[in-house]
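> Dropping the structure in here first, questions after.
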């Protein structure tokens, strides 16, 4: 599989397969592979708030790469809407 020179693959984290699918030019759709999770036999899940925040940060980085300036505009618009909602709520108090 050949990747664009401008699309280095970040191998850290959980979203490696998603990154390969997005950054591989003209890649054929991957085949479906059935998988079912079994009941945990021992130990605890390591999924916590830090892991979730790290994953969301990785996804945002990937979206920013894929969408470019459009993603930044989308985020700015979302922040502007959120600020206006907070401002309206504070005026209602």
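> Just to be sure, is residue 19 in a helix (DSSP H, G or I), over 15 Å from the mean Cα position of the chain (by Cα) and surrounded by 10 or more Cβ atoms within 10 Å (Cβ to Cβ)?
On the way: in a helix (DSSP H, G or I): yes; over 15 Å from the mean Cα position of the chain (by Cα): no; surrounded by 10 or more Cβ atoms within 10 Å (Cβ to Cβ): yes.
Answer is no for this residue.
> Next question. Which of the following residues is out of contact with any helix residue (DSSP H, G or I) (no Cβ under 7 Å at 6 or more places or on another chain), part of a helix (DSSP H, G or I) and surrounded by 11 or more Cβ atoms within 10 Å (Cβ to Cβ): 60, 91?
60
Computed from the coordinates by the stated procedures, all read-outs in this text should not be read as laboratory data. Computed from a predicted structure; not experimentally measured. Every residue, glycine among them, receives a Cβ derived from its backbone with ideal geometry; neighbour counts consider all protein chains shown.
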